[in-house]
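A quick write-up on the structure given underneath.
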Amino acid sequence: MEIQFTTQILKEGRIFVAHTPELDVSSCGGTKERALHNLKEAVRLFLEEAEKLGTLERILEEAGYLKRRSRLEGPKFIGTLRVSLPLPATHANA
């Protein structure tokens, strides 16, 4: 069985952070490739542990996954946007 998930890679200082929004799992590394490699390992461990706890099916269902042939397909992301929103005046000086 195979699972598909979306990956977002961010740079925080000198560290790259890879995140999968469907499962809300993140990992990091010194390069984009290392961050992605570490994320795959973190997802694998997360899913293994959820299966041991008997919560895997519920987690995947809540995340919007459907079983198709020999793979689990997550929701299709349409796009990622950077959005601006003004903060109340009490937060403007923070």
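The values are calculated or read from the model by the stated rules, or taken from the named source; none is laboratory data. All values reported here derive from a predicted model rather than from experimental measurement. Cβ coordinates were reconstructed from backbone atoms using ideal geometry, including for glycine residues, and neighbour counts include every protein chain displayed.
Please go through region 1-10 and pick out each residue that is exposed (fewer than 11 other Cβ atoms within 10 Å of the Cβ) and free of Cβ contacts under 8 Å to residues at least 24 places away in the same chain. Matches in region 1-10: none. Of the residues VAL43, VAL25, VAL83, the single one that is touching a strand residue (DSSP E or B) at 6+ places or on another chain (Cβ under 6 Å) and within 23 Å of LYS11 (Cβ to Cβ) is VAL43. Meeting the requirement of 1 or more residues that are at pLDDT 95 or above and small (Gly, Ala, Ser), the helices (runs of 4 or more DSSP H) wholly within region 12-94 are 32-53. Pairing residues of region 56-68 that are free of Cβ contacts under 8 Å to residues at least 12 places away in the same chain with residues that are in a loop (DSSP other than H, G, I, E, B), at Cβ distances under 8 Å and at least 6 apart in sequence or on separate chains, gives no pairs at all.
Conditions tested, residue by residue: (1) farther than 19 Å from GLU2 by Cβ; (2) in contact with a His (Cβ under 6 Å, 6 or more places away or on another chain); (3) surrounded by 13 or more Cβ atoms within 10 Å (Cβ to Cβ).
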site: GLY13; (1), (2), (3): yes, no, no
site: PHE16; (1), (2), (3): yes, no, yes
site: VAL25; (1), (2), (3): no, no, yes
site: CYS28; (1), (2), (3): yes, no, yes
site: VAL43; (1), (2), (3): no, no, yes
site: LEU56; (1), (2), (3): no, no, yes
site: GLU73; (1), (2), (3): no, no, yes
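Counting just the residues of region 58-71 that are exposed (fewer than 12 other Cβ atoms within 10 Å of the Cβ) and of a type in the set (Gly, Ala, Ser), which one comes out farthest from LEU10 (Cα to Cα)? Among those that are exposed (fewer than 12 other Cβ atoms within 10 Å of the Cβ) and of a type in the set (Gly, Ala, Ser), it is SER70.
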